[in-house]
Amino acid sequence: MLKYYNKESKKENHQAFIMLHGYGGNIDSLTPLLNAFSFKEDVSFYFLQAPYLMNENKYSWSYETSPGIWERDEPKRLLDDFFKNIIFTKYNSSNVFLLGFSQGAFICFEYGLNMNQQIGGVFPIGGFTRGAPEIHQSQIDTPLIIGHGENDKIVDISCSQKAYEHYVKIKKMNNVKLITYKGGHKIGLKYLKSINLFMEQKNIK
């Protein structure tokens, strides 16, 4: 079972925000975002910790099985177990949102967009895809809001630009945005404001 920290809403019939940190992060990496979000009343936050320890308090969502080849099936099973037993027993899928940074954004693209029931939104930041990623047909109308720093030296902005083109032109998704902002490999305030606006428009407080 994946380790996670839950900040629970006191509201009934509320939403779940699943937070996926980047390579070398941990369960606490994205908790500062709570200070930037305007929708904490209706939303329960789940800060996941990736399963594979790199070194002291630094974790990864996968590991190399051989040079350049990364394990996918094992982390997928762990995520399947988390969503089946923790999230979808409590929340309607349309009330579930995924936000990931860097390697966590890769999970948003590769895992979130392949769930077999439509979710409320997918928010990958400073991320990347591999090859020609698929999507599940149930996610064709799912809001996908991609963010990336214009001067990112870790993951080039072209990765998100290519992802945007792929999901719009090849996969024909209907609700995709790309938001770029000044700065490097970080989560920009401009992007966070766009997520706040998105949730506000859905009347989520």
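Numbers for the structure displayed
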item: Percent RCO, i.e. relative contact order, over the chain, from Cα pairs under 8 Å lying at least 6 residues apart; result: 18 percent
item: Paramagnetic reach from Glu150 (point 7 Å along Cα→Cβ, amide N under 19 Å) across the range 165-200; result: 177-195
item: Amide H contacts under 5 Å for Met115, placed H, 5+ residues apart; result: His136
item: Volume per residue of the C-alpha convex hull in the chain, rounded to whole Å³; result: 115 Å³
item: Residues with amide H under 5 Å from that of Gly22, placed H, sequence gap 5 or more; result: Phe101, Gly104
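All of the numbers you see were taken from the coordinates with simple rules; none came from a lab. Because the structure is a prediction, the values reported are computed rather than measured. When we count neighbours, we look across all protein chains shown, and the Cβ atoms used for this are built from the backbone with ideal geometry, even at glycine.
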